[in-house]
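Chemist: Quick one: the structure is below, and I'll ask about it shortly.
The values are calculated or read from the model by the stated rules, or taken from the named source; none is laboratory data. This is a predicted model, so every value here is computed, not measured. All Cβ positions, glycine included, derive from the backbone under ideal geometry; neighbour counts span all protein chains shown. With ligands, DNA and RNA removed, areas are computed over all heavy atoms of the protein, side chains included. Shrake-Rupley method; radii C 1.70, N 1.55, O 1.52, S 1.80 Å.
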Amino acid sequence: MKHLIDENGFYGEFGGAFIPEMLYPNVKELQDNYKEITSSKSFQQEFRKILKEYVGRPTPLYYSKNLSTKYGAKLYLKREDLNHTGAHKINNTIGQIILAQRLGKKRIIAETGAGQHGVATATACALMGMDCTIYMGAIDIERQAPNVKKMKMLGAKVVPATSGSKTLKDATNEAIRAWIQNPVDTHYIIGSVVGPHPYPQMVADFQSVISEEIQIQLATEEGTTKPDYVIACVGGGSNAIGAFYHFIDNNHTKLIAVEAAGLGVSSGKTAASIALGKKGIIHASKTYLMQTNDGQIVEPHSISAGLDYPGIGPVHSYLYDSSKAEFTSVTDQEALDAGMQLARTEGIIPALESSHALAQLEKMNFKSSDVVVVNLSGRGDKDMGTYEKYVK
Amino acid sequence: MNNRITSLFERKKKDILNIYFTAGYPELDDTARILKHISTLDVDLVEIGIPFSDPLADGPTIQNSGSIALENGISLAKIFEQLEGVRETVDTPIILMGYLNSLLQFGEKEFCQRCEEVGVDGLIIPDMPLGYYQKHYETLFKKHGLVNIMLVTPETSEERIREIDAKSEAFIYAVSSNSITGGSVNVNAQVEYYNRLNAMNLTTPHLIGFGVSDRDSFNNVCQYSAGGIIGSAFIKAINQEGALEENVTKFITEIRSKN
């Protein structure tokens, strides 16, 4: 899918780098260097070695007999939940931290919502001996206490974002401001396919290992490299783009991106950026986002903190506008039901984010020969509090 | 072209004072009130901030004033309403400062049209890259008599400063440090940067902003440039107890006092 993006970082009309001049040198340095560095043989060797030996890749592509029977198709789960730190996020943090080292950076900063990307970043920093500061909304710090403890144990400093709504978008604003103030020695590890060019492309490249493996694994299991469906949840959209990456250019595979509808797309309590469909600029990138008529960014809602973001990666806006992927949405309740079902029928407790992708299965009409891959982006330990309330 | 900002810089070369304030703050209808009062004082230029929910380049003081203004009910449409008719009494050049998303949602053409109608002279859109401006906005801005004011920072390369200089019409906004607005700044540490800017013999004059907060820091930046921009300190000053006009007068008088 490399050809989808132009030299200025635009996927069609989406993306770009709408940054204040203060950020220009930081972003330019990345734009000028990341391709050469990350495509070098020694980078790829180091990246692949850590993914294999430390992260635990390749993750299994698990054929679920129970779900296959239930939904009348050949159903596979891509087990990103079995990665070290419990989600796909670490694929990207490992890639970016090697890049940061090769750019001579000494400090890492990152934003986090639920804390998954924060933990994955703190983990990579501990491994590589880099100084680490994580920006997290003050409200999220309260909501996600276990992940805050993990980040601290891993040696990271956790700084509360107290501006605006005190959640993910504000943590991102604070991290960007911190980067402005430390332009020379600091690298900012963005956790999703959002932000100014080249982040969306870079993060997609690092996450593309997911679909690379699916291709290889399906060739063995099913004798094809083209599944009929790939289903993934989408907030910013990093696990989805990782799962879609190698299938975008084939006309056979149907790509389905599942947004978080929250209490319902029209409820005012939602995080379905595509469904609400207004183009604009968020975090330096042109994309679909949730906003008022006056252009003020609206606070989203989803039961899943990882999908609780008012925008979406520009590549997804492009996939939507060009009909290369289908975008749907799933409510909080539907996701909870699907998560509970997976726990009871497969013995896997999925992250609430991934439960959105699973819930989409209920809405599909498969043929029995269809090969379907659901990206199980993370595990549900962090969501036990929410699941527990639901069981009661 | 008879732009009030370019005329100002032709007429005045030193000690230019640019005051920034947030539209709709402290109270919704204070925008025109502050503007009208400032125009009676020794202020050369005003910059009115368009509040935005996610202002990446702004520090806590300006962010906070923007949040309050939004709660007060400010919007871009409302700002234009508030500026309607101010040109009957106000001659001071007016700059609107805001983020690109606000323009996009308002409609770029309508935005520029309204700016011209109410008498806005220039724009600072910090998240609009130079290349994007040239491609999408330059013609439109010119058509409506609006000058685009761009920023440079201590990290901006000489090559890029020259590019920005070539594309600037009125003045360059020189950010004093690698900072967001309202940050504390060791002004002395900036001398090297200021000297470097001056040694480049740019065709466009520059004003220095970020960290300029009182008479001393204003006088200091004036030594190295055509003048200074004060934002956060002014916002704090007008949020003090007492009548708005008195607070404004007191602040400006203090900045302009000789000793």
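Chemist: Name the pairs: first residue in the stretch A:277-296 and over 16 Å from A:Y320 (Cα atoms) and facing another protein chain (nearest Cβ under 7 Å), second residue surrounded by 24 or more Cβ atoms within 10 Å (Cβ to Cβ) and β-branched (V, I, T), Cβ to Cβ under 6 Å, at least 6 apart or on different chains?
Modeler: Sorted first by the residue in the stretch A:277-296, then by its partner, the pairs are A:A284/A:I19.
Chemist: I need every pair where a residue in the stretch A:76-96 that is on the phi > 0 side of the Ramachandran plot has its Cβ under 8 Å from the Cβ of a residue that is of a type in the set (D, E, K, R) and part of a helix (DSSP H, G or I), sequence separation at least 6 or different chains.
Modeler: If the second residue must be of a type in the set (D, E, K, R) and part of a helix (DSSP H, G or I), the pairs left are A:G86/A:D381; A:G86/A:K382.
Chemist: Also, I was wondering about something else. I'm trying to understand the selection: among the residues of the stretch A:38-61, which are buried (at least 16 other Cβ atoms within 10 Å of the Cβ) and either assigned to a helix (DSSP H, G or I) or more than 21 Å from the chain's Cα centre (by Cα) (or both)?
Modeler: A:T38, A:F43, A:E46, A:F47, A:I50, A:L51, A:V55
Chemist: Given the condition within 27 Å of B:E254 (Cα to Cα), within 14 Å of chain A (Cβ to nearest Cβ) and not in a helix (DSSP H, G or I), answer yes or no: does some residue in the stretch B:73-84 qualify?
Modeler: no
Chemist: Report yes if A:H301 is more than 15 Å from the chain's Cα centre (by Cα), more than 14 Å from chain B (Cβ to nearest Cβ), closer than 20 Å to A:Q207 by Cβ and not β-branched (V, I, T), otherwise no.
Modeler: no
Chemist: Somewhere in the stretch B:184-203, is a residue touching a residue at least 60 places away in the same chain (Cβ under 8 Å), open to solvent by 20 Å² or more (accessible area, probe 1.4 Å) and within 27 Å of B:R11 (Cβ to Cβ)?
Modeler: No: the stretch B:184-203 contains no residue that is touching a residue at least 60 places away in the same chain (Cβ under 8 Å), open to solvent by 20 Å² or more (accessible area, probe 1.4 Å) and within 27 Å of B:R11 (Cβ to Cβ).
Chemist: On to the next question. Name the single residue, out of those in the stretch A:5-32 being farther than 16 Å from B:T153 by Cβ and assigned to a helix (DSSP H, G or I), that is least open to solvent (accessible area, probe 1.4 Å).
Modeler: A:L30
Chemist: If you don't mind, another one. Based on this model, can you work out whether A:G378 counts as open to solvent by less than 10 Å² (accessible area, probe 1.4 Å) and farther than 28 Å from A:K278 by Cβ?
Modeler: Against the criterion (open to solvent by less than 10 Å² (accessible area, probe 1.4 Å) and farther than 28 Å from A:K278 by Cβ), A:G378 qualifies.
Chemist: Counting residues that are hydroxyl-bearing (S, T, Y) and at pLDDT 95 or above, which strands (runs of 3 or more DSSP E) fully inside the stretch A:248-332 reach at least 2?
Modeler: Result: A:285-288, A:326-331.
Chemist: Let me ask another. Does A:A343 qualify as being in a helix (DSSP H, G or I), out of contact with any strand residue (DSSP E or B) (no Cβ under 7 Å at 6 or more places or on another chain) and open to solvent by less than 40 Å² (accessible area, probe 1.4 Å)?
Modeler: yes
Chemist: Follow-up. Condition first: under 13 Å from A:Q116 (Cβ atoms) and polar (S, T, N, Q). Now tell me which residues in the stretch A:146-170 satisfy that.
Modeler: A:N147
Chemist: Here is a further query. Just the residues that are under 22 Å from B:I161 (Cβ atoms) and either open to solvent by 10 Å² or more (accessible area, probe 1.4 Å) or within 14 Å of another protein chain (Cβ to nearest Cβ) (or both), please, taken from the stretch B:126-146.
Modeler: B:P126, B:D127, B:M128, B:P129, B:L130, B:G131, B:Y132, B:Y133, B:Q134, B:K135, B:Y137, B:E138
Chemist: Might you check whether a residue that is away from every other protein chain (no Cβ under 12 Å), more than 19 Å from the chain's Cα centre (by Cα) and open to solvent by 30 Å² or more (accessible area, probe 1.4 Å) occurs anywhere in the stretch B:167-177?
Modeler: Taking every residue of the stretch B:167-177 in turn, none turns out to be away from every other protein chain (no Cβ under 12 Å), more than 19 Å from the chain's Cα centre (by Cα) and open to solvent by 30 Å² or more (accessible area, probe 1.4 Å).
Chemist: Additional query: Are any residues in the stretch B:85-102 outside any helix (DSSP H, G or I) and at the interface with chain A (Cβ under 10 Å from one of its Cβ atoms), and if so, which ones?
Modeler: Residues satisfying the conditions are B:G98, B:Y99.
Chemist: Going by the conditions given, is A:Q215 surrounded by fewer than 19 Cβ atoms within 10 Å (Cβ to Cβ), of a type in the set (S, T, N, Q), over 22 Å from the mean Cα position of the chain (by Cα) and over 19 Å from A:E326 (Cβ atoms)?
Modeler: No.
Chemist: Further question on the same structure: Take the conditions in a helix (DSSP H, G or I) and crowded, with 22+ Cβ neighbours inside 10 Å and apply them to B:I68. Does it pass?
Modeler: No; evaluated as a whole, the condition is false for this residue.
Chemist: Let me ask something else. Taking the condition open to solvent by 10 Å² or more (accessible area, probe 1.4 Å) and within 12 Å of chain B (Cβ to nearest Cβ), does A:D170 pass?
Modeler: So A:D170 fails the test.
Chemist: Let me ask you something else. Please find, among A:I180, A:I189, the residue that is away from every other protein chain (no Cβ under 12 Å), touching a residue at least 40 places away in the same chain (Cβ under 8 Å) and not acidic (D, E).
Modeler: The match here is A:I189.
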